[in-house]
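The values are calculated or read from the model by the stated rules, or taken from the named source; none is laboratory data. Everything numeric in this text was worked out from a predicted model, so none of it was measured. Using ideal geometry, Cβ is built from the backbone for each residue, glycine included, and neighbour counts are taken over all protein chains shown. The protein model used for the area step is the full one, side chains on, heavy atoms only, and it has no ligands, DNA or RNA in it. Shrake-Rupley method; radii C 1.70, N 1.55, O 1.52, S 1.80 Å.
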Amino acid sequence: MGQVSGYLERIEEELRKNLSSKVPLLQDIGNHAILGKGKRLRPLLFVLSSELCGYQGEEVFRFSTVLEYIHASSLMHDDVLDHAEIRRQRPSVNRVWGNRAAVLGGDFFLSKALCIAIASRNMRFFKTLIEAGTRMLQGQILELYHHDDWEMSRDTYLEIITGKTASLFSAACACGAILSRAENRSVDLLGQFGLNAGIAFQVIDDLLDYTSSEEELGKPVGTDLREGKVTLPLIYTLSRLGETEKKRIQDLFRNGQANEKEYRSLIKLIRENRVIGRIQAEAKTFVDRAAVCLDIFPSSPSKDML
């Protein structure tokens, strides 16, 4: 992270500046939820993409906060929907202040993001963010529709993560080019770069839910399984089982009859069922697709960092 540490410090500084509110509770929620241990990937992608396209204005860091506020807003809402109690290795906003405060806090930071974005006076920049927000919501609703759907296909899974995660990655990169007044081809290629990088990110994040530890992940292992979210590790594991065993497991977990031991047993089955390498290889294909999108850009430190 040494190469990008300077960028991250500037992003963090702008996040602090823009968090001010006359309502003490909103200030507390912002300090807790936004100034936590976030990776700042989305604002960082925005800054690097704008730099790649030749933008040199200092306000790039202020506009980058839009991506983090939108992301943080979606996480606050997600945690309410999922009844999550841990986020980024600390209690979630809804656990500390309750669901109503979490929903309203998420709404506030989304409004904060849009206020900053409109100050760019760039309607394409603003429109791209709004469209990404719409796709995020569509992905979330599709995920909700397929809650506990143990027959879900890989294609549906990819459609969900493309909407709920990759669309904001894509917008971050495309908006960096848009702010730079780059040509349409650069905007499109950086949008595709972000889309493929975002898919790879979510595929690996979902894999880590089964293979990592709570300390590394910042939330309990197997959270997706317990919340009824069917992701690629489960989809691929089920596809390798015989129909009788598959139906037994489906019925057990669908009907809410599984106990803690059975959850641990299924997580162990997924870890040992030779799907981890397959998923890592699949994520790598999206990484490779993302990298190809950068081929037209001249060599530069920002290209290397992307």
Of the heavy-atom accessible surface of the stretch 3-93 (probe 1.4 angstrom), what whole percent is carbon and sulfur?
-> 51 percent
Compute the FRET efficiency between residue 3 and residue 248 as 1/(1 + (r/R0)^6), taking r as their Cβ-Cβ distance and R0 = 41 Å, and round to the nearest 0.05.
-> 0.25
To the nearest 20 debye, the stretch 34-100 has a Cα-centred charge dipole, built from +1 on Lys and Arg Cβ and -1 on Asp and Glu Cβ, of 280 debye
Helix axis angle, 167-179 relative to the chain longest principal axis, alpha carbon, degrees = 10 degrees
How big is D, in µm² s⁻¹, for the stretch 193-306 by Stokes-Einstein at 20 °C and 1.002 mPa s if Rh is the Kirkwood radius over C-alpha pairs?
-> 135 µm²/s
Length gained, residue 153-residue 56, 0.36 nm per residue minus C-alpha separation, equals 30.5 nm
Computed log₁₀ I(q)/I(0) - Debye formula, equal Cα scatterers, no solvent, the chain, q 0.07, 0.10 Å⁻¹ | -0.28, -0.58
Candidate cut points under GluC sites (Glu not before Pro) in the stretch 43-112, DSSP loop plus at most 14 other Cβ atoms within 10 Å of their own Cβ, are 58, 59, 85
What per residue convex hull volume, in Å³, comes out for the stretch 39-198 when only alpha-carbon positions are used?
-> 112 Å³
Compute the acute angle (0 to 90°) between the alpha-carbon long axis of helix 260-272 and the principal axis of greatest extent of the alpha-carbon atoms of the chain; round to the nearest 10°.
-> 70 degrees
Find the accessible area per residue for the stretch 33-177; the probe is 1.4 Å, ligands and nucleic acids are left out, and the unit is Å².
-> 44 Å²
Taking amide H positions as placed in the peptide plane 1.01 Å from N, state which residues far from residue 87 in sequence (5 or more) or on other chains have amide H under 5 Å from it.
-> 92
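Once fully extended, how much extra length lies between residue 100 and residue 273, figured as 0.36 nm per residue of separation less the alpha-carbon to alpha-carbon distance? If you can, show how the numbers build up before the last one.
Details: separation 173, 0.36 × 173 = 62.28 nm, distance 4.12 nm.
Between residue 100 and residue 273, full extension yields an extra 58.2 nm.
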Given the rule -39500 (n - 2.57) for each run of at least 4 DSSP H residues, summed and divided by the residues of the chain, what is its mean residue ellipticity at 222 nm, to the nearest 500 deg cm²/dmol?
-> -22500 deg cm²/dmol
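Are there trypsin sites (Lys or Arg not before Pro) in the stretch 235-302 that DSSP puts in a loop and that have at most 13 other Cβ atoms within 10 Å, and which ones?
Values: sites: 240, 246, 247, 248, 254, 261, 264, 268, 271, 274, 278, 284, 289; in loops: 240, 274.
Counting only loop positions with at most 13 other Cβ atoms within 10 Å, the trypsin sites (Lys or Arg not before Pro) in the stretch 235-302 are 240, 274.
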Calculate what fraction, in whole %, of the accessible area of the stretch 154-306 sits on carbon and sulfur atoms when a 1.4 Å probe is rolled over the protein chains.
-> 48 percent
At the level of C-alpha centres, the distance separating the stretch 253-272 and the stretch 86-151, in angstrom, is 30 Å
Dipole of the stretch 151-306, Cα-centred, from +1 at each Lys and Arg C-beta and -1 at each Asp and Glu C-beta, to the nearest 20 debye?
-> 240 debye
Using a Förster distance of 51 angstrom, determine the FRET efficiency expected from the C-beta separation of residue 296 and residue 239, and round it to 0.05.
-> 0.85
Applying the gyration tensor rule to the Cα atoms of the stretch 64-131 (axes a ≥ b ≥ c; rounded if a/c under 1.5, else prolate if a/b exceeds b/c, else oblate), the class is prolate
